[in-house]
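Please treat every number below as a calculation from the coordinates, not as lab data. Note that the structure is predicted; figures quoted are calculated from it, not measured. Backbone-built Cβ (ideal geometry, glycine too); neighbour counts: all protein chains shown.
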Amino acid sequence: MILAQKQKKFLLGEFELEPEKRLLTRRSGESVHLARRPFHVLLYLIENRDRIVSKNELLDKFWDGHDVYEVALSKCIGAIRKALGDKLDEPRYIETRWAEGYRYIGEFEEYQTQHTNDNGAVNLLIETTLQPGISNVADSTTENEPSIITEKNLSFASQLNKRRRALFVGGLCALLIIVFAVVLLWSRWNRPIVPKDQFASLRSIAVLPLKNLTGDSEKDFLVDGMTESLISSLSKIDGLKVTSRGSVFSFKDKEIDPKEVGRQLVVESMLEGSVRRSGESVRVEIRLISTKDGSVLWSSEIYERSLKNIIALETDISRAIVTKLKSDLNREENQKFARRHTENEEAYQLYLKGRFFLNQRSLRKAMEHFEKAVALDPNYALAHAGLADSYVLLSPYAIGKPNETFPKAKDAAVKALSLDPELAEAHATLAKVSWLYEWNWDKAETGLNRAIKLNPNYATAHQWRAGFLCSWGRHSEALESIKHAQELDPFSVSIRGDTARIYYFARQYDLAIEQGLKTLELEPGNIPYNSWLDMAYSQKGDYEKAIELRLRFFISKNVEEKKITALKKAFEKGGWKGYCREELNQSLQRMKEGNYVLPYNIARSYARLNENEQTLYWLEKAYEEHSDHLTLLRVDPLFDFLRTDARFQDLLKRVGL
């Protein structure tokens with residue numbers, strides 16, 4: 001009698017996987033392409049679904065023990081996820097355990113089929129259903145004796161059913177024992193792996209964006225706010241370098257190797273975690289990971305709080321992490337970490353939404369939410385500080401006039417400091433108002449230094465200080481300060497752009513171009529008007545490259561095609577001067593149509609044409625508005641041809657330069 005070989009078939013929710021045929025299909029019969037190696041990795045994860053399979057184990061097994069960079073494994077897992085329609089942030093099949101490995105968590109049923117034998121007996125299908133993570137309970141047949149049930153022995157079926165019921169009860173008991181053992185091992189596994197005093201040796205850390213696993217994208221602001229809260233708390237630890245928000249958020253929603261994070265951000269450790277929703281509560285898990293070898297240094301307990309008690313949740317998490325990194329907090333530090341700026345949950349969530357929009361530079365929306373937060377809690381210092389940050393950016397972004405926006409920024413910053421004198425952000429914003437609007441240079445420098453002393457990890461304060469020093473022509477100090485800002489926020493396009501700016505005003509045009517091109521690589525679509533790159537090209541006489549960049553900017557802002565064409569024709573006909581004249585005429589026309597154009601930029605346009613009277617006229621217009629750009633008069637090379645003019649010298653004195 002010839003017996004057919006047993007054929008395994010795995011049902012994975014909407015998919016079917018046949019190991020012997022190396023075939024993955026949908027239940028509908030549609031074939032799903034999956035290359036050989038990803039297929040075998042998926043099969044291995046399924047067969048070991050009761051545990052986390054480490055990255056090293058997978059690399060050793062499927063890459064023959066070669067020294068392969070983990071990105072190869074990440075791409076392999078990515079191919080599996082793509083085939084299964086799985087998501088990293090909401091996994092249904094493959095769960096990633098950061099710095100540990102992967103685990104199959106999807107639906108799972110196993111079928112073993114037999115075919116008709118040579119005597120024509122009817123063969124039955126034996127079906128075994130398995131839940132994720134539970135080993136199969138052995139059947140009465142052995143591996144070497146295929147389970148063939150014919151009509152002659154169907155009477156055995158009832159006995160088999162009884163034995164199966166007994167096996168089910170036994171299996172259930174075994175399952176309870178396994179669950180207890182797993183819980184016990186898990187609790188031991190999550191204990192600190194390093195002695196407590198070794199945390200004190202950590203000198204740098206990056207807080208990666210917490211993963212929003214709530215299933216609600218509307219909660220992004222809340223999850224991002226928790227991340228920022230952790231960054232703010234850790235920044236208060238003396239001697240600890242904390243990477244700024246801008247750079248860590250470049251890793252959001254990405255599968256990243258810890259060692260790569262350490263290399264790119266130059267940090268020894270990283271915090272990562274997730275936020276899940278359970279009914280009206282949220283659950284948060286945090287882990288501290290070494291970026292040297294990817295080992296887990298510490299795993300937190302699971303923090304769970306009602307959505308109406310987020311403030312207490314963040315306080316508990318921050319305190320747990322801070323005390324883990326620095327166990328010997330003094331009285332002053334304890335008070336600093338214990339401080340809550342509001343007890344009003346609604347005001348707090350409005351503040352988080354405000355920060356969310358501020359980081360996206362949706363300034364009007366940010367101000368709207370900060371104002372609502374202040375209305376609910378007038379003593380909420382952070383909300384006043386957020387309002388100040390929004391107002392102080394309106395003029396540089398050409399959204400409002402300086403004499404309308406800077407006074408409001410000052411009022412909000414002063415109010416914030418009256419409520420909390422140690423808010424570094426408010427000190428920096430107030431200093432920026434003193435520098436760019438009031439032209440009170442001594443007060444500005446004092447304020448910026450105060451902000452940095454309060455929070456050495458506040459990259460923006462270092463960046464603004466660099467700009468302040470550049471305005472005075474103290475370029476070597478400015479470069480030192482901007483370098484510090486870049487160390488804290490290495491991926492910041494704004495900081496890299498300001499580095500090019502300093503080189504430009506120092507007349508080091510080649511270095512300005514080099515830095516400007518690096519900035520453009522980071523964000524090719526981000527070409528600001530009057531960028532330091534195109535201005536450096538024009539100072540070197542490379543007008544074609546300068547105009548190419550300026551036209552790219554206008555196109556990105558959806559300027560009418562006929563205006564772009566007019567600029568091109570003006571350059572073809574009149575060269576650089578012809579182009580500058582046409583660009584100036586278009587700016588003046590926009591003003592006639594009721595649009596706001598910075599007077600300082602009109603003055604620059606006339607300066608390119610060497611028209612003294614018109615340049616001075618528009619500089620006076622900028623002075624009437626208290627334009628923040630006038631702080632550049634001392635170093636701007638476009639006005640070098642006016643430096644011997646008494647009227648220009650008088651203007652410098654009035655600005656305090």
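Averaging 1/r across all pairs of distinct Cα atoms in the stretch 196-340 and inverting the result yields a Kirkwood radius of 15.5 Å. Taking the empirical scaling 2.2 N^0.38 Å for compact globular proteins as reference, the stretch 449-537 has a Cα radius of gyration ratio of 1.04.
Counting other beta carbons within 10 Å of each Cβ, put 420, 650, 50, 534 in order, fewest first.
Details: 420 16, 650 10, 50 13, 534 25.
Listing 420, 650, 50, 534 from fewest to most nearby Cβ atoms yields 650, 50, 420, 534.
Where Rh is the Kirkwood radius over the Cα pairs of the stretch 504-657, the temperature 20 °C and the viscosity 1.002 mPa s, what D in µm²/s does Stokes-Einstein return? Mind dumping the intermediate values first?
On the way: Rh = 16.4 Å.
My calculation gives 131 µm²/s for D.
A Förster distance of 45 Å, applied to the separation of the beta-carbon atoms of residue 220 and residue 28, puts the FRET efficiency at 0.85.
Note down the relative contact order for the stretch 598-657 as a percent, whole number, built from C-alpha pairs under 8 angstrom at least six residues apart.
Details: 47 pairs, mean separation 19.2, N = 60.
Across the stretch 598-657, relative contact order equals 32 percent.
Taking 0.36 nm per residue of separation and subtracting the Cα-Cα distance, full extension of the segment from residue 544 to residue 365 would add 60.6 nm.
Only counting other Cβ atoms within 10 Å, I'd like 408, 308 sorted with the fewest neighbours first. Don't skip to the answer; put the middle values down first.
Details: 408 18, 308 12.
So the ranking, lowest neighbour count to highest, is 308, 408.
In terms of distances greater than 20 angstrom between alpha carbons, the cross-link table entries 483/518; 408/557; 211/254; 259/453; 87/259; 211/483 yield 408/557; 259/453; 87/259; 211/483. Could you give me D for the stretch 575-634, from Stokes-Einstein at 10 °C and 1.306 mPa s, where the hydrodynamic radius is the Kirkwood radius over C-alpha pairs? Units µm² s⁻¹, please. For these conditions, the coefficient is 135 µm²/s.
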